[in-house]
Amino acid sequence: MGLELQSVSPLEIEALRRNLATQFFGKGDQLLYLPSVESTNTLAMQLANERPEEGLVVLTDTQTAGKGRQGRRWVDMPGCNVLLSILLRPLFPPHLLVMITSLAVLDSVADTCQVSATIKWPNDVLVEDRKVAGILIETSHDSNGRMIAVIGIGVNVNGRMQDLSGRSAAQVPLTLTATTLESECGQKVSRELFIAQLLQYIEKSYLALQQESKELSAAGTATSGPYSRLIRERWRGQLSTLGRTITVQQRNSILSGIAEDVDDDGELLLRRHSGELVRITWGNVEYPTR
Ligand code: BTN
């Protein structure tokens, strides 16, 4: 175990509330803070039945069983990270949630740290090719068939990756491929301000997409409108993956080639070295060292 929870400063929830300029994300009893929890995503999904309204934000200082993509563990440094989940009921497809969330993380990193980050397909946020944030979106359906989505976001804010060196061998490779905002901008970053910005950015895009979905459904027209197209183009423009030689790990197989483009649903188009173009819907992308 690295840092003990008692020795680090917990999130200042009152400071967060004071800075939170959202319309409903995390407002009043929609903000649930626990010093330690198994996983904010798991808890938010469990609360979905008793919370028919959306915008619940679950926050913690450390997770005992943090979940990463593809069944991996998400390791944190207690009291140093942003670890939160937002409970939503989107009317639009989940890939757009991926896009607005990763763009919101990029914008919040730029605002609080003046550092420029990029997106590694589909939703890892990198600074100088090292991971600073990960996003895990989980979906389910309520008894009316309406989608429930939990957006889970983990950001390495303070501390340095070397602080993880007391961890098990399986977790140590993280220190080679990950970074923190503090390491990148040379000073501590306020987690409360970061969270306030992040929630505001996500809420703004979310509300615009909900509105667009309602209008499209009332008009009975296409499944995509101008705002979704704008989001897609912005997200595509921030992908550091395109044009690069990459590997994609899917369970026991590894594909490699050049990341040529993404399609309208955000799926990756990989030109294999054989010339074949394959559509990648999931997998772990790596940038081989140059
Ligand atoms: C990934 O890159 O593999 C996704 C990591 C997502 C981690 C966050 S931390 C808050 C939320 N709760 C979890 O258990 N996971 C997400």
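The values are calculated or read from the model by the stated rules, or taken from the named source; none is laboratory data. It should be emphasised that the depicted structure is a prediction, and the values quoted were computed from it without experimental measurement. Here Cβ is always computed from backbone atoms with ideal geometry, including for glycine, and neighbour counts include all displayed protein chains. We work out accessible area using only protein heavy atoms, side chains counted, and drop any ligands, DNA or RNA first. Shrake-Rupley method; radii C 1.70, N 1.55, O 1.52, S 1.80 Å.
For this structure, a couple of remarks:
- Unique match (being part of a loop (DSSP other than H, G, I, E, B) and either aromatic (F, W, Y) or open to solvent by less than 30 Å² (accessible area, probe 1.4 Å) (or both)) among G266, G275, G243, G257: G266
- Every residue from segment 99-122 that is under 11 Å from the mean Cα position of the chain (by Cα) and either open to solvent by 10 Å² or more (accessible area, probe 1.4 Å) or away from the ligand (no atom under 13 Å from the Cβ) (or both): M99, I100, L103, A104, L106, P122
- Taking residues in segment 81-108 that are assigned to a strand (DSSP E or B), and partners anywhere that are away from the ligand (no atom under 14 Å from the Cβ) and among the hydroxyl-bearing types (S, T, Y), the pairs with Cβ atoms closer than 8 Å and at least 6 places apart or on different chains are L88/Y206.
- Filter result (more than 26 Å from L207 (Cβ to Cβ) and touching a Lys or Arg at 6+ places or on another chain (Cβ under 8 Å)) within segment 4-41: S39
- Taken together, Q46, Q63 contain a single residue that is without any contact (Cβ under 8 Å) to a residue 40 or more places away in the chain, within 15 Å of the ligand (Cβ to nearest atom) and surrounded by 18 or more Cβ atoms within 10 Å (Cβ to Cβ), which is Q63.
So that you can scan it fast, the table gives a plain yes or no per residue for (1) within 23 Å of G145 (Cβ to Cβ); (2) more than 10 Å from the ligand (Cβ to nearest atom); (3) of a type in the set (F, W, Y):
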{"residue": "K27", "(1), (2), (3)": "no, yes, no"}
{"residue": "L32", "(1), (2), (3)": "no, yes, no"}
{"residue": "E38", "(1), (2), (3)": "no, no, no"}
{"residue": "G68", "(1), (2), (3)": "no, no, no"}
{"residue": "M77", "(1), (2), (3)": "no, yes, no"}
{"residue": "L83", "(1), (2), (3)": "no, no, no"}
{"residue": "L91", "(1), (2), (3)": "yes, yes, no"}
{"residue": "L97", "(1), (2), (3)": "yes, yes, no"}
